[in-house]
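Participant: Okay, here's the structure, questions in a sec.
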Amino acid sequence: MSNDPMIHFDRVTKRYPGGFEALTEVSFKLGRGEMAFLTGHSGAGKSTLLKLIMLMERPNKGQIFVGGQNLDRFSRGQIPYFRRHVGVVFQNHQLLFDRTVFDNVALPLEIAGVAPREIGRRVRAALDKVGLLKKEKVFPITLSGGEQQRVGIARAVVNKPPVLLADEPTGNLDPELSEEIMKLFQQFNQVGVTVLIASHDLALISHMHHRVIRLDHGQLQLG
Amino acid sequence: MKDVGQRGAMPAQNNRRQPQGEIPSRQGASAGLEQSSLEAYFSHHRQTAKSSLLRLFKTPLSSLMTWLVIAVALALPMGLLVLLSNVTGITADLEGSSRISLYMKLDVEDQAAFQLSQEIQKRADVESVHFINRVEALEEFKAISGWGDVLAYLDNNPLPSVIVVQPAPMVNNAQQMEILSSALGENPGVENVQVDLQWVKRLNALFEVLGRATLAIALLLGVAVILIIGNTIRLAIENRRDEILVVKLVGGTDPYVRRPFLYTGFWYGVVGAIMAWLLVNIALWWLSGPVNQMASLYYSRFQLSGLSIEATGMLLVAGAFLGCAGAWMAVKRHLDEIEPR
Ligand SMILES: Nc1ncnc2c1ncn2[C@@H]1O[C@H](COP(=O)(O)OP(=O)(O)OP(=O)(O)O)[C@@H](O)[C@H]1O
Ligand SMILES: [Mg+2]
């Protein structure tokens, strides 16, 4: 079982309503504890691929396995429980600005029904990892872009998910901050988390020395 | 920045730890409570109940408006119901003590009339009699009617003596009442027999109609309350769309996402019901003066009774139910379709 890949796409095709084919026959495997970048031009299908892993979209053809589980088999009611084991850092679905950093990071734990006294400990551990322990009581609006992104990462990992997905996590950040964020992902990868990051910051990716999965008009490019 | 892994140097690639967790099997996933303790579940209920109420108080004016609308919609049928139960209480009293009044002919002397009342008293189907002689009748009339001055101009007392007959308990239906009253009416000195049962019957029929009408009004207003709360919750859902998306993305189940909105509906209904209770009581207090005056005119010790404990309970339950129903409707139609994309 533990030799299974963590993420396995088997000839996956995704067609959006209206007929546009965002992914065509995509197959790849991402091993347990592996870290990879997903690149490609705008509209290549990067976000679509991540959404399929999160069960935000369903494929039209092919099968996707995460942790050995066939995603086809998850019913609507089971999706939330699955999502608790996949951390996501998405550019748009971001922080809630009407609650503190602490409460933002605590959200996945509250949802998972973690006992209240346990939540404080785990949230602080996650904030400590992203270097924002001192900011737990402030509201996200007072944080810089890079700090907000780190709060998002803390929220994604607070559940200790085996898989971490990120969609353009450095989209709006300058090169220095971007590298800092990427190093952070690397650190999570080093403790065994499988990490998949969609990005078109090719310069940054090239000196991170990780596997690169390249999409072109919905098709996987080898090499 | 803090180091995530081992202390000191970065761990080498080939020295990597095992993955932290496992993706649960679907069976495990659907069991759902794998991680969550019952304690956390109830704590979330408590917290959500509290924060939903506090959220309503954060926008006091618009919440107050909604509460008032709900309160009026609940108070109207409730008030009608209270009034109705009050007056049906009176008629139940009257029915139990339906009396037969024998108005004597004017040329019958009080003495003879009194004799007759004594004879009637002896009947088995008569509980008691009360004799009112002509002078008493006049005094009484003066006292209640306030026409004393006018009567002073009359040479003769225009009022007959009256024998008020209280039937025995065995006379307990309209037919037996009829038999008794016609028997009493056969006495030659009696001018007129009045059974006050007829108007009791008519009144009861009227109340039956009013009761049905109140029920219909209550149903219509109940539907209105559901729609009002449903619409208010729909707006709340729109306002918190971003939050809902994030919660669903990090694994919030449908019940979890619905919970705050259901509690919001619950609070709209319950606080609305409490305000309705206040409105009804204010209205009753306002009515009590004239009602007491009316009661004294009718020689009645009748007192307006307020909302009973049961009625209060019913009002609160109805408020809570309508609130939850309205919220449920909105949540079903608008919340479940919000999905992260
Ligand atoms: N919900 C949708 N309905 C219809 N078409 C969609 C939808 N989402 C994405 N698409 C289309 O699918 C294609 C792939 O979109 P996707 O968002 O996966 O690209 P991307 O690689 O993430 O691009 P970017 O780098 O700009 O974020 C695009 O052409 C897009 O227009
Ligand atoms: Mg994208």
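The values are calculated or read from the model by the stated rules, or taken from the named source; none is laboratory data. Quick caveat, the model's predicted, so the values are computed rather than measured. Because the Cβ atoms are built from the backbone with ideal geometry, glycine has one as well, and the counts that use them run over all protein chains shown.
Participant: Can you pull out every residue in the stretch A:23-60 that is more than 16 Å from ligand 1 (Cβ to nearest atom) and part of a strand (DSSP E or B)?
Facilitator: Of everything in the stretch A:23-60, those that are more than 16 Å from ligand 1 (Cβ to nearest atom) and part of a strand (DSSP E or B) turn out to be A:27, A:29, A:30, A:35.
Participant: Further question on the same structure: Restricting attention to the stretch A:97-126, report how many residues are of a type outside the set (Gly, Ala, Ser) and facing chain B (nearest Cβ under 10 Å).
Facilitator: 14
Conditions tested, residue by residue: (1) surrounded by fewer than 17 Cβ atoms within 10 Å (Cβ to Cβ); (2) of a type in the set (Phe, Trp, Tyr); (3) out of contact with any helix residue (DSSP H, G or I) (no Cβ under 9 Å at 6 or more places or on another chain); (4) outside the structural domain of residue B:228 (by TED's automatic domain parsing).
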{"position": "B:286", "(1), (2), (3), (4)": "yes, yes, yes, no"}
{"position": "B:294", "(1), (2), (3), (4)": "yes, no, yes, no"}
{"position": "B:309", "(1), (2), (3), (4)": "yes, no, yes, no"}
{"position": "B:317", "(1), (2), (3), (4)": "yes, no, no, no"}
{"position": "B:323", "(1), (2), (3), (4)": "no, no, no, no"}
{"position": "B:327", "(1), (2), (3), (4)": "no, no, no, no"}
{"position": "B:340", "(1), (2), (3), (4)": "no, no, no, yes"}
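Participant: Residue A:177 - would you say it is modelled with pLDDT of 95 or more and either more than 9 Å from every other protein chain (Cβ to nearest Cβ) or in contact with a strand residue (DSSP E or B) (Cβ under 9 Å, 6 or more places away or on another chain) (or both)?
Facilitator: no
Participant: Quick one: would you say residue B:294 is assigned to a helix (DSSP H, G or I), under 25 Å from residue B:69 (Cβ atoms) and aliphatic (A, V, I, L, M)?
Facilitator: no
Participant: So, in the stretch A:69-100, of the ones that are assigned to a helix (DSSP H, G or I) and aromatic (Phe, Trp, Tyr), which residue ends up farthest from ligand 1 (Cβ to nearest atom)?
Facilitator: Out of the qualifying residues, it is A:81.
Participant: State all residues of the stretch A:62-79 that are within 9 Å of chain B (Cβ to nearest Cβ) and in contact (Cβ under 8 Å) with a residue 24 or more places away in the chain; if no residue qualifies, say none.
Facilitator: A:66, A:67, A:68, A:79
Participant: For the structure I just gave you, tell me whether residue A:199 is within 16 Å of ligand 1 (Cβ to nearest atom), among the hydroxyl-bearing types (Ser, Thr, Tyr) and either more than 11 Å from chain B (Cβ to nearest Cβ) or free of Cβ contacts under 8 Å to residues at least 24 places away in the same chain (or both).
Facilitator: yes
Participant: Next question. Residue B:186: out of contact with any helix residue (DSSP H, G or I) (no Cβ under 8 Å at 6 or more places or on another chain) and surrounded by 13 or more Cβ atoms within 10 Å (Cβ to Cβ), yes or no?
Facilitator: no
Participant: Looking only at the stretch A:150-172, count every residue that is more than 12 Å from the chain's Cα centre (by Cα) and either among the hydroxyl-bearing types (Ser, Thr, Tyr) or within 16 Å of ligand 2 (Cβ to nearest atom) (or both) and tell me the total.
Facilitator: Count: 3.
Participant: For the stretch A:80-96, give me each residue that is hydrophobic (A, V, I, L, M, F, W, C) and more than 9 Å from chain B (Cβ to nearest Cβ).
Facilitator: A:89
Participant: Can you tell me which of B:179, B:217, B:237 is in a helix (DSSP H, G or I), touching a Phe, Trp or Tyr at 6+ places or on another chain (Cβ under 8 Å) and of a type outside the set (Ser, Thr, Tyr)?
Facilitator: Sole residue among the options that is in a helix (DSSP H, G or I), touching a Phe, Trp or Tyr at 6+ places or on another chain (Cβ under 8 Å) and of a type outside the set (Ser, Thr, Tyr): B:237.
Participant: Now for a different question. Of all residues in the stretch B:272-284, how many are buried (at least 22 other Cβ atoms within 10 Å of the Cβ) and hydrophobic (A, V, I, L, M, F, W, C)?
Facilitator: Going through the stretch B:272-284 one residue at a time, the tally reaches 3.
Participant: So, one more: Kindly provide the set of residues from the stretch A:45-61 that are more than 12 Å from ligand 2 (Cβ to nearest atom) and within 14 Å of chain B (Cβ to nearest Cβ), ordered by number.
Facilitator: Selection gives A:52, A:53, A:54, A:55, A:56, A:57, A:58.
Participant: Let me ask something additional. Tell me which of these residue B:262 doesn't satisfy, since it passes every other one: (1) within 23 Å of the chain's Cα centre (by Cα); (2) modelled with pLDDT of 95 or more.
Facilitator: (1)
Participant: Just name the residue that is farthest from ligand 2 (Cβ to nearest atom) out of those in the stretch A:12-35 that are more than 14 Å from every other protein chain (Cβ to nearest Cβ) and among the aliphatic types (A, V, I, L, M).
Facilitator: A:12
Participant: Output the residue which, of all residues in the stretch A:69-114 that are among the polar types (S, T, N, Q) and more than 25 Å from residue A:140 (Cα to Cα), is farthest from the chain's Cα centre (by Cα).
Facilitator: A:75
Participant: With the condition kept exactly as written, say whether any residue in the stretch B:56-69 is modelled with pLDDT of 90 or more and within 14 Å of another protein chain (Cβ to nearest Cβ).
Facilitator: Yes, the stretch B:56-69 has at least one match.
Participant: Would you confirm whether or not the stretch B:255-262 contains a residue that is surrounded by 13 or more Cβ atoms within 10 Å (Cβ to Cβ) and touching a Lys or Arg at 6+ places or on another chain (Cβ under 7 Å)?
Facilitator: There is at least one residue in the stretch B:255-262 that is surrounded by 13 or more Cβ atoms within 10 Å (Cβ to Cβ) and touching a Lys or Arg at 6+ places or on another chain (Cβ under 7 Å).
Participant: Just to be sure I understand, how many residues within the stretch B:229-259 are hydroxyl-bearing (Ser, Thr, Tyr) and more than 10 Å from every other protein chain (Cβ to nearest Cβ)?
Facilitator: 1
Participant: With B:311, B:273, B:325 as the choices, which residue is of a type in the set (Gly, Ala, Ser) and at pLDDT below 95?
Facilitator: When all the criteria are applied, what remains is B:311.
Participant: Do you know which of the residues in the stretch B:303-341 that are of a type in the set (Asp, Glu) and over 21 Å from residue B:283 (Cα atoms) is nearest to the other protein chains (Cβ to nearest Cβ)?
Facilitator: Per the stated criteria, the residue is B:339.
Participant: Sticking with this one: Please find, among A:97, A:20, A:65, the residue that is in contact with a helix residue (DSSP H, G or I) (Cβ under 6 Å, 6 or more places away or on another chain) and surrounded by fewer than 21 Cβ atoms within 10 Å (Cβ to Cβ).
Facilitator: Matching residue, one of A:97, A:20, A:65: A:97.
Participant: Note down all Cβ pairs under 9 Å where the first residue falls in the stretch B:108-125 and is assigned by TED's automatic domain parsing to the domain that holds residue B:157 and surrounded by 14 or more Cβ atoms within 10 Å (Cβ to Cβ), the second is part of a helix (DSSP H, G or I) and among the basic types (Lys, Arg), and they're at least six residues apart or on different chains.
Facilitator: Matching pairs, first to second residue: B:110/B:134; B:113/B:134.
Participant: Pull out all pairs, ordered by first then second residue, where Cβ-Cβ is under 8 Å, the residues are six or more apart or on different chains, the first lies in the stretch A:148-173 and is hydroxyl-bearing (Ser, Thr, Tyr), and the second is away from ligand 1 (no atom under 16 Å from the Cβ).
Facilitator: As it stands, the answer is A:170/A:149; A:170/A:177; A:170/A:181; A:170/A:182, since those pairs meet every condition given.
Participant: From (1) surrounded by fewer than 16 Cβ atoms within 10 Å (Cβ to Cβ); (2) closer than 30 Å to residue A:14 by Cα; (3) more than 19 Å from the chain's Cα centre (by Cα), pick out the condition that doesn't hold for residue A:218.
Facilitator: Residue A:218 satisfies all of (1) surrounded by fewer than 16 Cβ atoms within 10 Å (Cβ to Cβ); (2) closer than 30 Å to residue A:14 by Cα; (3) more than 19 Å from the chain's Cα centre (by Cα) except (1).
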